[in-house]
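In what follows, a structure is listed as structure tokens, so that the remarks can point back to it.
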Ligand SMILES: Nc1ncnc2c1ncn2[C@@H]1O[C@H](COP(=O)(O)OP(=O)(O)OP(=O)(O)O)[C@@H](O)[C@H]1O
Ligand SMILES: [Mg+2]
């Protein structure tokens, strides 16, 4: 893993998202229990916790896929927790999923191009002719998609249907689709799960580069502690839906509750 | 050997995204279209009237259904009803509005059908798959029932039939009983060529990608900003537009005079569904191939066995036909959901590297 990453290239800025007293239940299961935290511009914020702690549920609340019963989420001053899922994308939030959610029947390129759909405006008439403004627009966005493909080094699989790709590459394409949207806030749900050492190393490099080069704010869920400690500016620990601790990687590492609940118990 | 990409360098994204990136494909398709245009000079009237025009009409409808089902993933059994809306709308327009150009009327009928399609597509936000199929089936029965019941739709004709009035384009009669089969054939062919081209454009651009995204993983699609309802309704609208135009052509250029029965489940909805399953879900070319197959197969079964000296009874032919269709549909659904189009693609991949695959 790249050692010694610090926030030297970018300035962690103001608070861009406020999560306030969010609670979410499924029947009797309290997936999130009064969770509050802030997200600052340009930071890499890690959410960790044992299985079933509510990490994915938290991301789902942020992009409007789940609607918490209590509490509120404000993003850039707008209320998020009651908004529709597709509006998250319009506000500049993109994400990847714990279980890959690619468009299986489409090629790598088309998957990445869908990430740019929102930015394409030419209407039906021009689309039908594939000519003039629509063609020009399509080519501009193709060029953008190619930048993402270059960045993630997936030129060779451009035209391959993603269903035929190995797992590690699928994860990379999914990141590509999220990046193609040029998000301000990127939510990554276990982007390195199931990868070998080299693949993880690549993924870490991409995440850091995105954060450095584009200043993208990143919320990252990850089980690999060495990665989390290395790349995140701040860490939030969830356990049974409750926020157990929050702080810099070092602070969290030294927190006795965290050691008891998480680090000490499951060390895979 | 002659089918190669070698030497055809793509120097821009535009070349790379062309409909036929390989020159040989482009030439072959253009040659095929040109050939289709000269067919009337040597085909007899029976072939034009009974087979080729029917094929063109169904190919257009199959493209329409494929946009909805193959690309946007929304199941529909209402094809017959949507074609009926197109056919009846065109009849009402041409008979009630003095001097309306028939081509304009056909396009407007497509527009009216699109509106009806949007209405019946509304449930698709809530229901999927089998349940959506049942909802569209209800549309199928309801619309045909309505056309049968309400005399207004047939201008209160007591026989309940609609008959295409004779109409001209550039001084040539293209619809009604007096129009020559050649003129009707060329009219249908031109519609098919233009709308197949438009469909190809739609599916390789933003709209097509949003349809496929909804089809493949609707949650992920929504999370990258694709609005499910709007996207599905666009698919219903455009698909129905195609079916409506095909329905108008069916009345005006093929059958000339119809009752609602011509559009029922077994005459239209199922055959068109089979066309896209056999031809290939999610393929424009496959839709056309599938239509050709379903239209030609029965004719082949009638003519081929006697040619090689085998005599089979007519009702037995019907059985063979059903067995073949059934077997093919099961084969394509289970083994190769992408249909003939995929088999063709595999063949092409082999051909490209032949004779040295490695
Ligand atoms: N859609 C749902 N319906 C019912 N229960 C759910 C749903 N989503 C999450 N849960 C429950 O909420 C709790 C938190 O789940 P969540 O997926 O957020 O955990 P997680 O921290 O992401 O776990 P993991 O590390 O396994 O991914 C679990 O008990 C889970 O069973
Ligand atoms: Mg999870």
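The values are calculated or read from the model by the stated rules, or taken from the named source; none is laboratory data. On a predicted model such as this, the values are computed, not experimentally measured, just so you know. We place every Cβ from the backbone using ideal geometry, glycine too, and count neighbours over all the protein chains shown.
Of note:
- Selected residue [more than 17 Å from the chain's Cα centre (by Cα) and assigned to a strand (DSSP E or B)] from A:243, A:253: A:243
- Qualifying residue in region A:33-40 (condition: more than 12 Å from ligand 1 (Cβ to nearest atom), buried (at least 16 other Cβ atoms within 10 Å of the Cβ) and under 20 Å from residue A:86 (Cα atoms)): no
- Test: residue B:70 is touching a helix residue (DSSP H, G or I) at 6+ places or on another chain (Cβ under 7 Å) and within 30 Å of residue A:159 (Cα to Cα): yes
- Selection status of residue A:15, surrounded by fewer than 17 Cβ atoms within 10 Å (Cβ to Cβ), at pLDDT below 95 and in contact with a strand residue (DSSP E or B) (Cβ under 7 Å, 6 or more places away or on another chain): yes
- The lone exception for residue A:195 - which of (1) part of a helix (DSSP H, G or I); (2) surrounded by fewer than 20 Cβ atoms within 10 Å (Cβ to Cβ); (3) touching a helix residue (DSSP H, G or I) at 6+ places or on another chain (Cβ under 8 Å) it fails: (1)
- Positions within region A:210-224 being away from ligand 2 (no atom under 16 Å from the Cβ) and either in contact (Cβ under 8 Å) with a residue 12 or more places away in the chain or under 22 Å from residue A:32 (Cα atoms) (or both), in sequence order: A:210, A:211, A:212, A:214, A:215, A:216, A:217, A:218
- Number of the exception - residue A:150 against (1) more than 16 Å from ligand 1 (Cβ to nearest atom); (2) in contact (Cβ under 8 Å) with a residue 24 or more places away in the chain: (2)
- Residue count, region A:122-143 (criterion: touching a residue at least 12 places away in the same chain (Cβ under 8 Å) and either touching a helix residue (DSSP H, G or I) at 6+ places or on another chain (Cβ under 7 Å) or in the same structural domain as residue A:194 (by TED's automatic domain parsing) (or both)): 4
- Of all residues in region A:41-50, those being surrounded by fewer than 19 Cβ atoms within 10 Å (Cβ to Cβ) and either under 20 Å from residue A:72 (Cα atoms) or free of Cβ contacts under 8 Å to residues at least 12 places away in the same chain (or both) number 1.
- Of the residues contained in region A:182-190, one or more are found to be within 16 Å of ligand 1 (Cβ to nearest atom), assigned by TED's automatic domain parsing to the domain that holds residue A:52 and in a loop (DSSP other than H, G, I, E, B).
- The residues of region A:40-54 that are more than 13 Å from the chain's Cα centre (by Cα), away from ligand 2 (no atom under 14 Å from the Cβ) and part of a strand (DSSP E or B) amount to a single one, A:40.
- Residue in region A:53-76 that is within 15 Å of ligand 1 (Cβ to nearest atom), touching a residue at least 60 places away in the same chain (Cβ under 8 Å), at positive phi and not assigned by TED's automatic domain parsing to the domain that holds residue A:167 present: yes
- Residue check, residue A:57 in contact with a strand residue (DSSP E or B) (Cβ under 7 Å, 6 or more places away or on another chain), within 16 Å of ligand 2 (Cβ to nearest atom) and away from chain B (no Cβ under 14 Å): yes
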